[in-house]
1. Quick one: which residues, 5+ away or cross-chain, put their amide H under 5 Å from the amide H of ALA87? H built at 1.01 Å from N.
2. Semi-axes of the equivalent ellipsoid of region 225-346: what are they in whole Å, largest first, if each equals the square root of 5 times a C-alpha gyration tensor eigenvalue?
3. I'd like to verify something in the chain: which complete DSSP H helices, judged by Cα projection on the helix axis, reach 24 Å or more and average at least -1.0 on the Kyte-Doolittle scale?
4. Rounded to two decimals, what is Rg over Rh for region 260-330 when you use alpha-carbon atoms and the Kirkwood radius?
5. What is the P(r) of region 311-371, as percent of Cα-Cα pairs per 10 Å bin from 0?
6. Exposure proxy check: LYS31, LYS72, LYS162 ranked by fewest other beta carbons within 10 Å?
7. At 0.36 nm per residue, and after removing the present C-alpha to C-alpha distance, how many nm does the segment from ASN210 to ALA485 gain when stretched out fully?
8. Could you check what % of the DSSP bridge pairs in region 11-179 are antiparallel, to the nearest 5?
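Each reported figure results from applying straightforward, stated rules to the coordinates on display, with no laboratory input. Worth saying up front: this structure is predicted, and the values here are computed from it rather than measured. Methodologically, a virtual Cβ is constructed for each residue, glycine included, from the backbone with ideal geometry; neighbour enumeration extends over all protein chains shown.
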Amino acid sequence: MTCRRFFAVRLLQLERPTPMKMSFSDLDLAKKGTLVVTVAEDRALLASAAQVDALTQGAVARAMAASRFTGKFGQTLELLAPVGLEASRVLLLGLGKLAELTDAKAESLGATAYAAVSGQPETHLAVALDPLTGDLSTATFAARLAHGAHLRAYRFDKYLTKQKAEDKPSLEKITVLLADHSAAKKAYADFDKLADGVIYARDLVTEPGNVLNPETYADRLKDLEKAGLEIDVLTLKDLKKLGMGALIGVGQGSKSESRVVVMCWNGGKDGAAPVAFVGKGVTFDSGGLSLKSAKGMEDMKWDMGGSAAVVGTLLALAGRKAKVNAVGIVGLVENMPSANAQRPGDVVTSMSGQTIEVLNTDAEGRLVLADILWYTQDRFKPVAMINLATLTGAIITALGHEHAGLFANNDALADAILTAGKDTGETLWRMPLGEAYDSLLKSPIADMKNIGDGGAGSTVAAVFLQRFVNEVPWAHLDIAGVAWANKDKGVVPKGASGWGVRLLDQLVKTHYEA
Ligand code: BES
Ligand code: MN
Ligand code: ZN
């Protein structure tokens with residue numbers, strides 16, 4: 001008898017799904033698929049909606065009369081298989097009061113239009129955009145509307161091997177119809193690059209901890225040289241040489257070696273000081289020996305959301321060839337319990353020379369950031385240094401999922417970030433720092449301990465970071481509440497949000513580009 005071995009070869013689809021085709025063309029309502037037309041408050045049909053109403057012998061007016069749709073901002077009403085049109089459905093989209101429209105609202109409208117048809121067997125979505133009045137440019141509005149739809153259409157399905165055809169999104173193409181379509185297309189080019197950054201960040205955040213660890217993460221980032229970024233991977237040996245004892249302590253319980261990755265985009269003047277973005281990249285946070293509960297650990301693959309935002313931002317800046325010098329520094333570690341893990345009570349020496357008593361190994365993000373913040377200001381002398389981190393559960397208690405926490409040592413920088421937040425919908429709320437909180441870090445055995453005494457958890461973490469920041473204008477964004485969406489919301493489908501990429505791109509555009 002012979003034994004035969006069968007080697008099953010399974011090819012896992014590892015590429016991103018075919019991207020959504022985005023286009024802009026003339027205001028021609030003869031379109032297959034879903035046709036979106038707009039209605040202002042109090043059922044005021046804009047030109048295209050009025051035209052559709054005429055072509056369908058008044059179906060639009062009758063549908064409105066039979067429903068609660070009044071044209072309020074974000075409302076939708078669907079008309080199926082309308083007589084007199086090629087479209088298989090018409091979607092009425094409420095714009096609300098026209099005088100209150102903003103560019104930021106355009107993105108949310110695009111997301112709403114996409115969401116309204118995403119469950120349907122439709123391949124094409126066309127949005128008819130009639131000329132806007134007032135200060136808004138119809139072309140920019142159209143570009144941002146397309147951007148919003150594109151971001152909402154994101155999905156991560158590479159590990160879904162059994163998805164039925166009817167459960168897969170069928171939409172392939174989104175077209176915005178407007179008179180000034182060539183200007184819209186031009187304005188969209190930068191948003192397309194921005195979306196690449198957001199999507200890259202979301203993909204990183206969604207990857208599970210067994211796939212994305214510090215080593216595989218750093219390898220992926222090395223690939224971004226293709227995008228025009230300079231990438232420098234610091235290995236454990238380098239980190240030891242630099243004296244990054246705080247970061248190394250966090251990663252020492254893991255099988256995967258810690259890494260720090262430095263990304264540079266040099267689009268500004270030669271030798272001009274860069275703006276620096278610094279990210280917490282804990283690829284999995286078990287808590288270490290201060291082990292989390294099973295429930296508390298479920299989300300911890302996305303404890304690298306800060307680093308992903310930094311990576312996505314650099315990618316977006318390179319993609320749109322931003323006229324700025326920017327550096328992105330990410331600290332990649334896995335926080336695991338093992339015989340080699342750091343113990344509560346251990347004392348580590350950070351790159352700054354300051355010693356830290358690690359009383360809770362689950363307060364690890366601040367230890368990682370302590371060393372890379374110090375490294376960043378020391379090596380790059382940046383004009384500003386902004387770090388992003390899923391740092392504390394306490395920021396979720398304080399702000400929920402509506403705002404990220406903002407801590408800053410500089411009011412002008414804080415205001416610039418708050419404004420960029422309002423412009424992009426990635427909003428923040430400023431929180432305090434201060435001597436009174438800093439004194440809670442006193443340790444009997446080292447220069448400081450890594451936790452406080454219970455209260456003000458997010459601020460205690462922030463003042464800890466501040467001990468590793470010198471004169472440079474600095475801001476810390478605690479994104480624990482916004483890095484992952486538990487439900488669909490605006491331009492973010494349930495899951496990884498890519499929060500921070502759009503915010504930082506906007507900040508660079510408005511404050512640091514030549
Ligand atoms: N990664 C967590 C913070 C977190 C919690 C992010 C929930 C997202 C959702 C962080 O490393 C942590 O464990 N922080 C502790 C600090 C505490 C031990 C002082 C926390 O918030 O409980
Ligand atoms: Mn932790
Ligand atoms: Zn963490």
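1. Here LYS31 satisfy the definition.
2. Numbers: eigenvalues 194, 53, 20 Å².
The answer is 31, 16, 10 Å, longest axis first.
3. 181-206
4. Details: Rg = 15.8 Å, Rh = 13.5 Å.
The Rg/Rh ratio comes out at 1.17.
5. Calculated over all Cα pairs of region 311-371, the distribution is 18, 37, 21, 18, 6 percent.
6. Numbers: LYS31 20, LYS72 15, LYS162 5.
Ascending Cβ contact count within 10 Å gives the list LYS162, LYS72, LYS31.
7. Details: separation 275, 0.36 × 275 = 99.00 nm, distance 2.15 nm.
Extra length from ASN210 to ALA485 when fully extended: 96.9 nm.
8. Working: 7 of 27 bridges.
Percentage antiparallel, nearest 5: 25.
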